[in-house]
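Quick notes on the structure that follows.
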Amino acid sequence: MFSIPVGKHQQRSKSMHGQKRIMVTGGTGFLGSFLCERLLREGNDVLCVDNFYTGSRDNVLHLLDDPRFEILRHDITFPLYVEIDEIYNLACPASPVHYQHDPVQTVKTNVHGAINMLGLAKRTKAKIFQASTSEVYGDPAVHPQPEEYRGSVSPIGPRACYDEGKRCAETLFFDYHRQYGVEIRVARIFNTYGPRMQTNDGRVVSNFIVQALRNEPITIFGDGRQTRSFCYVDDLIDGFIRLMAAPAGVTGPINLGNPGEFQVRELAEMVIEMTGSKSGIVFKALPIDDPTQRKPDISRATQQLGWQPKVNLREGLERTIAYFEWKLSGGVNNRFS
Ligand code: NAD
């Protein structure tokens, strides 16, 4: 007789193991893959939902044999009906090159995606986490940026699909919380780096490392004096877990990032030195709306979550450089962490 197979996350009963069933949207991406790994390690059932826009099966290949891990190819701009206890909503391309490639889809992922995931959380009474961003602060007039700062974002520029999309998603999270009592957690993530970033990712750390390892000129946009803060992926994931586990009143928004502040030029020089590269540096025009400075004020995360980053830039770069060396030499099946 014909029967439709039922995935374990469509069953109404609790997980077979009595553990939480946790959904991670964007689970095959850079941050999502580390999060899935961590949640599995803690004994949960994990449903990884991804449309593979910037994600890759390679990032989770080593998890596929785990019976508690399941992947669903799905675009969150469409509704999803599963039974779930917690949702981490990470789906959205994070690199400007990728999110500007199809800006309308980026807005849809942020806005329709948030509505669909919040609707799911409301129906299943699941707690839901939103991966928001420091980009909600735009080109900030306040430095470092505390959560109270309302930001300086162009609603019509080429970055707006991401920045304003994420701002609208935050609005939706807080409205679902106030109007329907959905339990929310909103993290504002600052630049994070580590293994499993794509070689063509377009973000500054991966760009510099790949160019240095290939002995190609390192491209700096602007004069290189703009500042950024770089958080190592393990520290960030630890912040996610702490925020999700925090008492009900702790909704966020809460900054998660490394407050160490570096000029982009300093980063380039550090990467050249650490890779022993022969690369020189070339300067190109600064893209429109590129922020001139970025540094999180993490007092709230420290007070409310007892969280602060542990991995310094040099240590994190060492691990990330080792990954890209392996990747550029043809490495697959990504266990790197
Ligand atoms: P990433 O591009 O590596 O991962 C994003 C994942 O989302 C990919 O697997 C992609 O295929 C998936 N995706 C995109 N659109 C989708 C859709 N419509 N439906 C289903 N899946 C979709 O990026 P990342 O660095 O892992 O970022 C994860 C999240 O964290 C993003 O929401 C991003 O905005 C946020 N964030 C990241 C950083 C950072 O420095 N990495 C900083 C701030 C915010």
### Query
Has segment 175-184 got at least one residue that is part of a helix (DSSP H, G or I), modelled with pLDDT of 95 or more and hydrophobic (A, V, I, L, M, F, W, C)?
no
### Meets criteria (modelled with pLDDT of 95 or more and away from the ligand (no atom under 15 Å from the Cβ)) for L35
no
### Query
For segment 112-129, what are the residues that are within 11 Å of the ligand (Cβ to nearest atom) and touching a Leu at 6+ places or on another chain (Cβ under 9 Å)?
A114, N116, M117, F129
### Message
Please go through segment 174-202 and give me each residue that is within 13 Å of the ligand (Cβ to nearest atom) and either over 20 Å from the mean Cα position of the chain (by Cα) or closer than 18 Å to I115 by Cβ (or both), ordered by number.
### Response
V186
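Specify which of the listed residues (D75, D45) is within 10 Å of the ligand (Cβ to nearest atom), among the charged types (D, E, K, R) and over 19 Å from T133 (Cβ atoms).
On the way: D45 fails: within 10 Å of the ligand (Cβ to nearest atom).
None of the other options fit; the residue is D75.
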### Message
Are there strands (runs of 3 or more DSSP E) fully within segment 41-111 with at least 1 residues that are among the aromatic types (F, W, Y) and in contact with a Phe, Trp or Tyr (Cβ under 6 Å, 6 or more places away or on another chain)? List them.
### Response
86-89
### Query
Restricting attention to segment 280-312, and to residues there that are of a type in the set (S, T, N, Q), part of a loop (DSSP other than H, G, I, E, B) and at pLDDT 95 or above, which single residue is farthest from P146 (Cα to Cα)?
N312
### Query
Is it fair to say A248 is more than 27 Å from F283 (Cβ to Cβ) and either more than 16 Å from the ligand (Cβ to nearest atom) or among the small types (G, A, S) (or both)?
yes
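Can you name the residue in segment 48-71 that is in contact with a His (Cβ under 8 Å, 6 or more places away or on another chain) and touching a residue at least 60 places away in the same chain (Cβ under 8 Å) and is also nearest to the ligand (Cβ to nearest atom) among such residues?
If we filter segment 48-71 for residues that are in contact with a His (Cβ under 8 Å, 6 or more places away or on another chain), which is where we start, we get 49-51, 53-54, 68, 70.
Now restrict to residues that are touching a residue at least 60 places away in the same chain (Cβ under 8 Å): 54, 70.
Numbers: T54: 3, E70: 15 Å.
That would be T54.
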### Query
With respect to the numbered conditions (1) on the phi > 0 side of the Ramachandran plot; (2) touching a residue at least 24 places away in the same chain (Cβ under 8 Å), which one is the sole condition not fulfilled by G276?
(2)
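The values are calculated or read from the model by the stated rules, or taken from the named source; none is laboratory data. The structure displayed is predicted, hence computed values, not measured ones. Backbone-built Cβ (ideal geometry, glycine too); neighbour counts: all protein chains shown.
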